[in-house]
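Have a look at the structure below before the remarks.
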Amino acid sequence: MSKFEKGTSGNPAGRPSHNVTAAKLRELITADDIQGILTTVIEQAKQGDIQAAKLILDKVLPSLKSVEVQNTETTEPEERTVIFRVVHADGYTPENDD
């Protein structure tokens, strides 16, 4: 026998409502507010606030992933291209190296 009858919610009151939702915040916040918040967080990071610095860097810089790079002098051209693409994720390839 199950704990609840079929068709009957285990939470009849439903999800509790919150006073401030993300949608309401988006309506209330202005571009000036965003600029002020960003300026404050950047200043805090410059003053040594590690949490502020981490917040900025996590949003701006992608996580670095280690890759093992072979000696490109003895690597086949196709493999060399793949290595360069992995190392230079911004689209660098040996073909456009002038």
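The values are calculated or read from the model by the stated rules, or taken from the named source; none is laboratory data. Bear in mind that the values here come from a model prediction, so they are computed numbers and not experimental data. Backbone-built Cβ (ideal geometry, glycine too); neighbour counts: all protein chains shown.
Pick from the stretch 39-66 the residues that are surrounded by 10 or more Cβ atoms within 10 Å (Cβ to Cβ) and among the β-branched types (Val, Ile, Thr): which of them is nearest to Arg85 (Cα to Cα)? Of everything passing the filter in the stretch 39-66, Ile56 is nearest to Arg85 (Cα to Cα). For the stretch 47-98, the candidate set comprises residues that are within 30 Å of Gln35 (Cα to Cα) and of a type in the set (Val, Ile, Thr); within that set, the residue that is modelled with the highest pLDDT is Ile50.
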